[in-house]
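The values are calculated or read from the model by the stated rules, or taken from the named source; none is laboratory data. Computed from a predicted structure; not experimentally measured. Don't worry about glycine lacking a Cβ; one is built from the backbone with ideal geometry, like all the others, and counts go over all protein chains shown. Areas reflect the complete protein model, heavy atoms only, side chains present, ligands, DNA and RNA absent. Shrake-Rupley method; radii C 1.70, N 1.55, O 1.52, S 1.80 Å.
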Amino acid sequence: MLEIVQRFAEKGFLIDPQALELIESYPGARDELIERVMFNLDRATVVVSPQHIQVDLLPSRKGEPKQVHAGFATSPPSSREAKAASSLCSTSSSHLEVLSDITGRSTCVGEYQDFVRYFRDRYGKLRELLSRRMNSRPIESLGANTASREVSLIGMIMEVRTTPKGHKVVDLEDPTGMVSVIISKDSEIFEQARRLVNDEVVGVTGVSDGGSRIFARSLVWPDLQPQSHPLLPGSGAALLLSDLHVGSRFFMEDAWQRFMSWLGGDVDDPQGLAAGVRYLVIAGDLVDGIGVYPGQDQDLAIMDVYDQYQAAADLLRDIPSQIQVVISPGNHDIVRQAEPQPALPKEVQRLFPPEFRFVGNPSWISLGGVTLLAYHGRSIDDLVMRIPGLSYREPEKVMVEMLRRRHLCPIYGSRVSIAPEAEDHYVIQRPPAILHCGHVHIVGIARYKGVTLINSGTWQSQTGFQKKMNIQPTPAIVPHLDLANMKVRKLLFA
Ligand code: D5M
Ligand code: ZN
Ligand code: FE
């Protein structure tokens, strides 16, 4: 009991006796539970109370069968779920946890106040990350007394403009006011300024003119700190997939069957890679869907979206049962298009084996203690368009830009529509061990400040649309990630 109190105290939280009792009533999964409660706590929280402990996500109490749930949903487990779950209990080190996703928690209705609250939350979270590295002042405090002095500010970018002479002007806003930040085209930070995007939150240091302008000397992204994140090794391996596009004429079924044969152990596997796989994560676009783009019906082999999911379920059923499968949606799936997207609906989940986990997009998952942030990656379309030097061919570089900005989708109101939830679910408050995206259909792998970045490619060969867009997919490649040492291999099934 004291140990639990102490663990919360180390992180700066007090715990109420009822909450303590609740945690103690789950002895088999106490560590996981504490980890998850802490993950979801707001920094503003002082006392942890029972409502911080989501009962619907709790692992089993003594003697009760463990419930395996889809996201935050609360249906009772079927007997097959219970069986799958009890086998998970015995190997808790390889247990898969959903740490956080939007499913069942969407609150917004899209009113003006929702947008205000959403941007406040985004600003507040990113400001907190930046203020660990700089002492800033509110914009409203600029005035005659700051003329010619160096000042630091943290603001959200309203607009980036280029003057006729080629300098950059960045309109920066905080809850107290607005200021224009000038970056001369001859300055050392000009290249950095070219990479700024609307709606991201940055720190600026520069000389104030005592009014509404700052001549910038440095720009600071929230970024990751190199050793901010000591990595605990996991065990087993994870296969990271996305963009199967089942139902498309271009879905590569032969290659998929080769993959399944390998995974099932039917193929020579001298290194024992297949046998070591514990997790398989699919980050969106499981099916091709219908009506996603004009003339899509020409590209479809299966015209009904439920039949597409049935076909997907049949293809995934061959995955050996010791592998835990997680599926999150993408822009071709049958959930709302505004992000964050909830898990696939129950009537679709029912088509799949009951132990599969369905989560939202984005989602935080723990693979036996190794954290994975899964995001389909639609924001890559916007970032590639806006940031010089990025391209679809190197999605991992786009993912680095997300980490630099500590945000999965910094640009608001472009191609990705973001629902103004009470909280900004796209802020990367803690670095994950793994950032897993898809969407662009091109495999990309990188390491950035201790985080493993993987874009998982596709199982769809080039469509007519992609040919027109000059997108050259790299299909039927499976990134295999060894969780003990974070080594990534590309397995080829084309
Ligand atoms: O995305 C497949 C690929 O096509 C991916 O590289 C993004 C790109 N894509 C998707 N939609 C668009 C639009 N509207 N313009 C340009 N490029 C796009 P998928 O989500 O599988 O269709
Ligand atoms: Zn796709
Ligand atoms: Fe997609």
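Side notes on the structure shown:
- The set of residues from region 86-106 being at pLDDT below 80 and in a loop (DSSP other than H, G, I, E, B) comprises S90, T91.
- The single condition among (1) within 19 Å of I445 (Cβ to Cβ); (2) open to solvent by 10 Å² or more (accessible area, probe 1.4 Å); (3) more than 16 Å from ligand 3 (Cβ to nearest atom) that V384 does not satisfy is (3).
- Taken over region 320-350, residues that are within 23 Å of S94 (Cβ to Cβ) and more than 16 Å from ligand 3 (Cβ to nearest atom) amount to 9.
- Positions within region 1-21 being in a helix (DSSP H, G or I), surrounded by 11 or more Cβ atoms within 10 Å (Cβ to Cβ), over 29 Å from the mean Cα position of the chain (by Cα) and charged (D, E, K, R), in sequence order: E21
- Selection count where residues are in contact with a Pro (Cβ under 9 Å, 6 or more places away or on another chain) and either within 14 Å of ligand 1 (Cβ to nearest atom) or open to solvent by less than 30 Å² (accessible area, probe 1.4 Å) (or both), scope region 302-329: 6
- Conditions (1) away from ligand 2 (no atom under 11 Å from the Cβ); (2) touching a residue at least 40 places away in the same chain (Cβ under 8 Å): number failed by D243: (1)
- Test for R406: is it touching a residue at least 24 places away in the same chain (Cβ under 8 Å), under 23 Å from L196 (Cα atoms) and away from ligand 3 (no atom under 16 Å from the Cβ): yes
- When V202 is tested against the conditions (1) among the β-branched types (V, I, T); (2) away from ligand 2 (no atom under 16 Å from the Cβ); (3) farther than 25 Å from G450 by Cβ, the lone failure is (3).
- Strands (runs of 3 or more DSSP E) fully within region 418-494 counting 1 or more residues that are under 20 Å from L372 (Cα atoms) and open to solvent by less than 20 Å² (accessible area, probe 1.4 Å): 434-437, 443-448, 451-456, 477-482
- Filter result (within 12 Å of ligand 1 (Cβ to nearest atom) and touching a helix residue (DSSP H, G or I) at 6+ places or on another chain (Cβ under 8 Å)) within region 444-464: G444, N455, W459, T463, G464
- Within this structure, V292 fails the test of being within 24 Å of H376 (Cα to Cα), without any contact (Cβ under 8 Å) to a residue 60 or more places away in the chain and in contact with a helix residue (DSSP H, G or I) (Cβ under 7 Å, 6 or more places away or on another chain).
- Pick from region 263-301, criterion within 14 Å of ligand 2 (Cβ to nearest atom) and assigned to a loop (DSSP other than H, G, I, E, B), ranking: surrounded by the fewest Cβ atoms within 10 Å (Cβ to Cβ): Y293
- Residues satisfying the stated conditions in region 373-398, i.e. closer than 22 Å to Q337 by Cβ and outside any loop (DSSP other than H, G, I, E, B): L373, A374, S379, I380, D381, D382, L383, V384, M385, R386, P395, V398
- Residue within region 321-333 that is touching a Cys at 6+ places or on another chain (Cβ under 7 Å) and assigned by TED's automatic domain parsing to the domain that holds G438 present: no
- Of E401, E394, all but one fail to be at pLDDT 95 or above, of a type outside the set (K, R) and open to solvent by 20 Å² or more (accessible area, probe 1.4 Å); the exception is E394.
- Strands (runs of 3 or more DSSP E) contained entirely in region 115-186, each with at least 2 residues that are exposed (fewer than 14 other Cβ atoms within 10 Å of the Cβ) and not basic (K, R): 150-162
- Looking at R415, R378, just one residue is open to solvent by 10 Å² or more (accessible area, probe 1.4 Å) and in contact with a helix residue (DSSP H, G or I) (Cβ under 7 Å, 6 or more places away or on another chain), and that residue is R415.
- Count - residues of region 346-370 that are open to solvent by 30 Å² or more (accessible area, probe 1.4 Å) and either modelled with pLDDT under 95 or not assigned by TED's automatic domain parsing to the domain that holds P395 (or both): 1
- Whichever residue in region 446-464 is farther than 21 Å from P329 by Cα and among the hydrophobic types (A, V, I, L, M, F, W, C) and, among such residues, is farthest from ligand 2 (Cβ to nearest atom): V451
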